[in-house]
Amino acid sequence: MSRPQQTRFVTRALVLVVIIGLGALFAVHPYIAQGTTVPPGQLPSWNPAVPCTAVLTSIEGIIGSQPNANGGATYAGGGFIPGIPNKRSTSPPCTVNGNTTFVEVNGVQMLTLTNVFEDCAQYPNGNFCDTTSNFKDPKCTSSDVNLCQKHMEIDQAWKSAGIAPQNPPVTTQLFDIQGFVYWDDGHLNDSWHSYTGWEIHPISAWRFSSSTTPDFGLTMNLNKLSVQQGSSSTATVAVTSLDGFNGTVTLSTFVTSKIANTTTVTLNPPSVSITPGGSATSILTIQASPSAPVYNYWTVTLKGTSGGVTHTLLVTLAITRPPPDFNISASPASTTLTPGSSRSVTITLQSMYNFTGTVNLAASVAPADTTASLSPVGPSASLSPASVSIAGNGSATSTLSVSPSLLTTPGTYTVTIRADSGTLSHSTTVTITVSLM
């Protein structure tokens with residue numbers, strides 16, 4: 001074979017290899033041809049563990065404007081090609097196929113269901129969970145809200161390695177975020193994931209955005225509010241001056257209408273004044289009735305208004321069922337006896353929150369006034385049975401028999417009935433008046 005023939009043969013072979021290689025590549029990544037190629041960025045990383053430089057973009061720049069059947073962003077319309085081969089990698093590639101994966105997004109705001117801790121795993125140095133948050137672009141003008149927001153996560157493996165940022169606070173303040181573009185197609189039908197697979201996972205660093213316009217921010221000291229049925233809980237709301245803000249902020253709060261009849265929220269004080277660079281706090285109190293519906297994702301809406309500026313903070317509220325317990329009561333709660341007589345009192349034990357177990361009872365008598373304290377012999381008290389079993393959400397009774405002897409001095413006595421089951425202990429009292437008539 002002559003040299004020109006050899007050259008043509010080698011050239012044709014190389015072209016064939018390229019064609020076969022591209023065919024295999026498109027078979028693995030069917031949307032690559034439709035993606036927008038983005039050159040590597042020039043912005044330095046805020047996390048010393050990340051050697052990449054970031055591309056400055058926006059939520060819309062990452063997910064694109066092409067909706068799928070559910071209204072979320074498609075893979076094909078995205079502006080970046082996600083290419084992290086290992087979701088848990090603590091050293092993701094800066095680029096894949098010449099396309100950057102490391103981005104910076106500025107001026108985004110948290111949504112409801114922020115800082116949820118999920119997808120936990122055990123590592124040699126402990127158990128770590130992903131911190132997941134949903135963010136929106138407050139400047140987005142799309143009528144499809146799913147094309148204005150994005151899911152972001154601080155990764156469990158990064159926490160184990162000690163290179164993850166701290167969890168961000170629940171606040172209305174805007175964030176600047178750096179992290180790696182990731183596509184998770186397992187969430188195309190999930191509303192909490194905006195019906196799309198797009199994420200920034202992991203978030204490598206975040207900071208508060210800066211502005212030249214005076215403003216204020218609302219921040220909650222808890223990632224998620226929680227209250228038990230029949231109880232109350234509190235949280236601190238901080239109002240912070242941003243960029244030289246000076247003025248009074250009026251606060252208001254309410255819960256979703258489905259629990260408005262059983263759950264109340266109040267703020268004290270309802271307004272605060274802040275000076276440039278300063279902050280003030282108000283205490284949010286949540287009171288849930290015993291009939292408040294149990295659910296992990298109710299919403300508390302907190303608003304702050306000053307002049308024409310209003311900020312809204314949506315905070316997740318979990319109403320939980322208290323742990324199994326029981327209560328004890330006596331009927332009648334007081335009675336009058338003459339020396340030598342006796343009286344029976346019914347002691348009722350009621351299961352609460354599906355308590356099931358055995359309760360042991362004991363009775364003790366003590367004088368309640370000066371006259372009774374001089375008695376040589378107090379009234380006797382006994383319980384039958386002294387141990388009862390309660391079924392879930394059921395009840396049981398025991399009979400308290402009280403009898404003052406002929407030597408008992410007239411006066412007032414208190415019978416205390418104590419009920420114990422494991423670490424649970426409750427008591428009730430019966431007032432006994434001993435009289436000669």
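Structure summary
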quantity: Computed FRET value (nearest 0.05) for residue 373 with residue 127, which takes r as the C-beta separation and R₀ as 51 Å; calculated: 0.35
quantity: Contour minus Cα-Cα distance for residue 320 and residue 283 (0.36 nm per residue); calculated: 11.2 nm
quantity: Heavy-atom SASA rank of 144, 155 (probe 1.4 Å, accessible area, largest first); calculated: 144, 155
quantity: R0 of 51 Å, Cβ-Cβ distance residue 211-residue 362: FRET efficiency to nearest 0.05; calculated: 0.15
quantity: Exposure rank, largest accessible area first [198, 183, 192; 1.4 Å]; calculated: 192, 183, 198
quantity: For segment 71-123 and segment 145-217, distance of Cα centres in Å; calculated: 8
quantity: For residue 132, solvent-accessible area (1.4 Å; no DNA, RNA or ligand), Å²; calculated: 10
quantity: Spin-label pair residue 167/residue 426, simplified geometry with 7 Å Cα→Cβ offset, distance in nm; calculated: 3.3
quantity: Semi-axis lengths (Å, descending) of the ellipsoid that matches the C-alpha gyration tensor of segment 355-437; calculated: 30, 12, 9
quantity: Cα-based shape type of segment 381-429, given that a ≥ b ≥ c are square roots of the gyration tensor eigenvalues and the cut on a/c is 1.5; calculated: prolate
quantity: Inter-site label distance for residue 294 and residue 76 at 7 Å from Cα along Cβ, in nm; calculated: 4.6
quantity: Diffusion constant of segment 97-235 at 20 °C, which comes from Stokes-Einstein with the Kirkwood Cα-pair radius and 1.002 mPa s, µm²/s; calculated: 131
quantity: Most to least packed among 66-73, 293-300 [average Cβ atoms within 10 Å]; calculated: 66-73, 293-300
quantity: The chain - mean residue ellipticity at 222 nm from DSSP helices (-39,500 (n - 2.57) per run, n ≥ 4, rounded to 500); calculated: -3000 deg cm²/dmol
quantity: Rounded accessible area of residue 118 (nearest 10 Å², 1.4 Å probe); calculated: 60
quantity: Segment 182-291, Rg to Rh (Cα coordinates; Rh as Kirkwood inverse mean 1/r); calculated: 1.08
quantity: Rounded accessible area of residue 88 (nearest 10 Å², 1.4 Å probe); calculated: 60
quantity: Whether segment 73-113 is rounded, prolate or oblate, judged on the alpha carbon gyration tensor where a/c under 1.5 counts as rounded; calculated: prolate
quantity: Segment residue 416-residue 69, extension gain: residue separation times 0.36 nm, minus the distance between their alpha carbons; calculated: 118.2 nm
quantity: Scattering curve values for segment 274-379, log₁₀ I(q)/I(0), Debye with Cα scatterers, q = 0.23, 0.24 Å⁻¹; calculated: -1.33, -1.37
quantity: Ranking by accessible area, most exposed first, for 416, 141, 428, 263 with a 1.4 Å probe; calculated: 141, 416, 428, 263
quantity: The chain - Rg and Dmax from Cα coordinates, angstrom; calculated: 33.8, 136
quantity: Solvent-accessible area, 1.4 Å probe, carbon plus sulfur percent, for the chain; calculated: 54
quantity: Rounded tilt (10° steps) of 3-28 against the dominant C-alpha axis of the chain; calculated: 20
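The values are calculated or read from the model by the stated rules, or taken from the named source; none is laboratory data. Just so you know, these numbers come straight off a predicted model, no measurement behind them. When we count neighbours, we look across all protein chains shown, and the Cβ atoms used for this are built from the backbone with ideal geometry, even at glycine. Surface accessibility is based on the protein's heavy atoms, side chains included, excluding ligands, DNA and RNA. Shrake-Rupley method; radii C 1.70, N 1.55, O 1.52, S 1.80 Å.
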